[in-house]
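Read-outs: derived from the displayed coordinates by stated rules, not from any lab. As the structure is a prediction and not an experimental result, all values here were calculated from the model. A quick note on method: Cβ atoms are made from the backbone with ideal geometry, for glycine too, and the neighbour counts reach across all protein chains shown.
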């Protein structure tokens, strides 16, 4: 008989507000990006909030896959069509390119808006049915917790002729 061994106890990430913990949601979002059929299976098993619970994490994760922070050598920028195809597949599953996910994406790539900004803008306006009124983005300046480099972001919005009045 073997000497008693310490059994590994799974790490539990206790939710802070009786909802899923962010770490667990990140794992779920990563799994969805690897196997989109999980969404259908969870919905079949009555987890109908899967898309709303992980929406921003999945959208952000997809964009990080398309635009890696440290691209490998020889990496080529995805085209607007590539990005639109990827996001459209997620939208068809039930995810949304809503205001919050749009803001999160622009903030995540704030330092690279001069490089990726045109792609994002063209894809976001195409997916959102040509909606080019993004004046709500100016509300970000009222959220100091976002820590935006206001000049970069403001220049990007001005170059897209976004008006404060909408």
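For a quick size check, give me the Cα extents of the range 67-119 along its three principal axes, largest first, whole Å.
Over the range 67-119, Cα extents along the principal axes are 34, 20, 18 Å.
What is the order of 75, 121, fewest Cβ neighbours within 10 Å to most? Let's see the in-between values first.
Working: 75 10, 121 20.
So the residues, fewest neighbours to most, are 75, 121.
Expressed in nm to one decimal, what extension gain is obtained for the pair residue 112 and residue 88 from 0.36 nm per residue of sequence separation less their Cα-Cα distance? Before the final figure, lay out each step's value.
On the way: separation 24, 0.36 × 24 = 8.64 nm, distance 2.27 nm.
Result for the pair: 6.4 nm of gain on full extension.
Report P(r) for the range 38-89: all Cα-Cα distances, bin width 5 Å, range 0 to the bin holding the largest distance, values in whole percent.
Histogramming the range 38-89 at 5 Å steps yields 4, 17, 21, 20, 16, 11, 7, 4, 1 percent.
Name the residues of the range 57-95 whose amide N is less than 15 Å from a point 7 angstrom out from the Cα of residue 126 along the C-beta direction?
What the label zone holds, given the 15 Å backbone N cut-off, is 78-91.
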